[in-house]
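Worksheet: the structure to be examined is printed underneath.
The values are calculated or read from the model by the stated rules, or taken from the named source; none is laboratory data. Owing to the predicted nature of the structure, the values given are computational and were not obtained by experimental measurement. As a convention, Cβ positions derive from the backbone with ideal geometry for all residues, glycine included, and neighbour counts pool all protein chains shown. For accessibility, only protein heavy atoms count, side chains too; no ligands or nucleic acids. Shrake-Rupley method; radii C 1.70, N 1.55, O 1.52, S 1.80 Å.
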Amino acid sequence: MQITAIEPQANKNEQVNLFVDGQRLLTVNVLVVERLGLAVGQELSPELLARLRREAALQQALDRALNYLSFRPRSRQEVHHYLRRRGVAPDLIEAVLERLTELGLVDDRAFATFWVESRERFHPEGARALQSELRARGVAPEIAAEVVKQEDDEERALQAGRKKVRVLLRGGAARNYEAFRNQLGAFLLRRGFSYETAKRVVRQLWHESRASAADVDPADPTDEPMD
C-alpha cells in the first residue's frame, strides 16, 4: 500500500483526507500526519496502518475532550465519564487523560479551586455542601478538604444570606422576626451551612435589616431557636 495523496478537507483546515493506492482511506487530523511523518509516495505497512488508526482515534478523542473543556474546567472524572458516553475505548480514555494532565488541562486541585470560587461568587454554599459536590465529581476527599475551608463558612453564609434578605424584604418577611428567621434559616440550612452558623447569620442579618427598615417589628427575640 502506498500513500498517493494527502488533501485538505474542505472547510476543515485541521483535517486531511489520506489516499492509499488512489482510494480515500480515512480522514485524520493534520497533527497525526505530522506526528507520524507521513508523506505522498510512502509505503504504508500493516504496522504503520495500525498505528495510524490508533493515533487517529486518539486525536479524535483528544479533540472531543478539548471541546468539552472549552466551556469550563472539568475534573478528571468528568472528562472520563464524558468520553465513555461518547463511546471512546477505555485505553484511549486513559491515554487522553494522561496527555491532558501533561498539558495541565486536567488538574483536580485547580478544578476544585475554580468550582469553589464560582460557587462563592454566584451560589454560596456551606463547606459540607461544597465538599460533597467536589467528591461527586471525583475530586479526592483530601483535595476537597484542602480547598474548602470550614472557617470560611460564616462569610459564605453572610454572602448567601444577604442576597436572600433582599428577596425577603421585597416579600415583607423582614418585618417579622419569626418569619424572617424561619425563611432565612431554612434557606441557609438547605445551602449546607450548620445550624449554629445559620443561627448566628440570621441574627446578624436581622439586625442589619432592622437598621435599613424603619417600620419593622420592634421585638427582637433573636435568642429563639430556628424551626
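Per residue, the average separation of C-alpha pairs within less than 8 Å and at least 6 apart gives the stretch 152-214 a relative contact order of 43 percent. Extending 7 Å from Cα along the Cβ direction at Gln9 and again at Glu47 yields two label points whose distance is 2.9 nm. Once you order the gyration tensor axes a ≥ b ≥ c over the Cα atoms, which shape class does the stretch 152-214 get: rounded for a/c under 1.5, otherwise prolate or oblate by comparing a/b with b/c? The shape class here is prolate. How large a share of the accessible area of the stretch 44-129, in percent, is made up of carbon and sulfur atoms when the probe is 1.4 Å and the other protein chains stay in place? Its accessible area is 51 percent carbon and sulfur atoms.
Of the whole protein surface, Lys12 contributes about 100 Å² of accessible area at a 1.4 Å probe radius. Remark: the chain carries 55 Å² of accessible area per residue (probe radius 1.4 Å; ligands, DNA and RNA excluded). By the combined test of axial Cα extent (at least 24 Å) and Kyte-Doolittle hydropathy (mean at least -1.0), the qualifying DSSP H helices of the chain come to 46-69, 153-171.
Annotated for the chain: lysine pairs at least 8 residues apart or interchain, Cα distance under 24 Å, count 5. Rounded to the nearest 20, the Cβ-based charge dipole of the stretch 29-77 about its Cα centre (Lys and Arg +1, Asp and Glu -1) stands at 440 debye. Comparing Cα centroids, the stretch 121-188 and the stretch 39-109 end up 38 angstrom apart.
If R0 equals 41 Å, the separation of the Cβ atoms of Lys149 and Leu31 corresponds to a calculated FRET efficiency of about 0.45.
Descending by average beta-carbon neighbour count within 10 Å, the peptides 61-71, 147-157 line up as 147-157, 61-71, the highest first.
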